[in-house]
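Participant: The structure's right below; bear with me while I get my questions together.
Every number here is computed from the coordinates shown, using simple stated rules; none is lab data. Remember, it's a predicted structure, so these values are computed and weren't measured experimentally. No Cβ is skipped: glycine too gets one built from the backbone with ideal geometry, and neighbour counts run over all protein chains shown.
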Amino acid sequence: MFFYYLSFITSVVNIITPKNAGKYFSGKPPSIVKFYSPSCPHCIEIKKDFKDASEKSSIQFAEVNCAESKTICKRYVKDGYPTILFFDGSDKKGIEYVGKRTKDSFLSFIKINQGMNHMKKEKMKFESKNRMLNEKYETKKKQINDDYDKKLKSLLQNKKIESTSRHSRKRRIS
């Protein structure tokens, strides 16, 4: 009876195939993807920690069997197996995980990168506001300079007229 119950528990780690790959690599929602080879001892070693981390996290966990999905792996794997990438939409290539291969390390990596994504969004908002303020400043500065130039030109023209009229008076007087 216990084994019968276990057979209905679905894996928290999703399997990526060429048909469903897009939803994991887009970053919406964020996902962490393990690329592995079934014959790789390191891949076998981290399987439990990766699954345990998936049960403690709100983001989607997925894995690609590179023996079956070679085209996907050619695109993302650079240095061998296992390769673990975090996708949050900020980088199409994913953010590579480098660190201890433990449940807690995976969870820390996710927290840090989700925080970084939030910080990137805040930075983008700040830069956008800053750009807008700079544009307003430059527009106002140009307007003030143009007004100043007009007033100066007007004053100079008035001085020229006065100066010309003074010269003409001087001539008359002399």
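Participant: By count of other Cβ within 10 Å, fewest leading, how are Phe87, Phe126 ordered? Write out the running numbers ahead of the final one.
Facilitator: Values: Phe87 25, Phe126 10.
With the sparsest Cβ surroundings first, the list reads Phe126, Phe87.
Participant: Oh, and also: Could you list Asp49, Asp149, Asp91 so that the one with the fewest beta carbons within 10 Å of its beta carbon is first and the one with the most is last?
Facilitator: Details: Asp49 17, Asp149 10, Asp91 14.
Taking fewest neighbouring Cβ atoms as first place, the list is Asp149, Asp91, Asp49.
Participant: Can you tally the net charge around Asp49? Count Lys and Arg as +1, Asp and Glu as -1, for every other residue whose Cβ sits under 14 Å from the Cβ of Asp49.
Facilitator: Once all neighbours under 14 Å are counted, the net charge is +3.
Participant: Among residues other than Ser31 whose Cβ falls under 11 Å from its Cβ, what is the net charge (Lys/Arg +1, Asp/Glu -1)?
Facilitator: On the way: positive: Lys23, Lys28, Lys34; negative: Glu63, Asp88.
That sum, taken over residues with Cβ under 11 Å, equals +1.
Participant: Hey, another quick one. For region 63-70, take each phi angle, set θ = phi - 60°, evaluate the Karplus expression 6.51 cos²θ - 1.76 cosθ + 1.60, and give the result in whole Hz per residue in order, putting x for glycine and proline.
Facilitator: Result, rounded to whole Hz: 9, 10, 7, 6, 6, 9, 10, 5.
Participant: Shifting gears a bit: Set the Förster distance to 35 Å, then compute FRET efficiency between Ser58 and Arg131 from the Cβ-Cβ distance, nearest 0.05. It would help to have the intermediate numbers written out before the result.
Facilitator: Numbers: r = 33 Å, r/R0 = 0.95.
Once rounded, the FRET efficiency stands at 0.55.
Participant: Continuing with this model, one more query. Counting each pair of different Cα atoms once, what's the Kirkwood radius of region 2-102 in Å, rounded to one decimal?
Facilitator: Details: mean 1/r = 0.0715 Å⁻¹.
The Cα-based Kirkwood calculation yields 14.0 Å.
Participant: Let me know the charge dipole size of region 2-102 about its Cα centre in debye, to the nearest 20, where only the beta-carbon of Lys, Arg (+1) and Asp, Glu (-1) is charged. Mind dumping the intermediate values first?
Facilitator: On the way: 16 positive and 10 negative charges, 55 e Å.
Here region 2-102 has a charge dipole of around 260 debye.
Participant: Among residues other than Glu135 whose Cβ falls under 13 Å from its Cβ, what is the net charge (Lys/Arg +1, Asp/Glu -1)?
Facilitator: On the way: positive: Lys129, Arg131, Lys136, Lys140, Lys141, Lys142; negative: Glu127, Glu138.
Once positives and negatives cancel, what remains is +4.
Participant: Past the 22 Å Cα-Cα mark, which pairs from Lys34/Lys103; Lys19/Lys93; Lys78/Lys100; Lys23/Lys103?
Facilitator: Values: Lys34/Lys103 13 Å; Lys19/Lys93 19 Å; Lys78/Lys100 19 Å; Lys23/Lys103 24 Å.
With Cα atoms farther than 22 Å apart: Lys23/Lys103.
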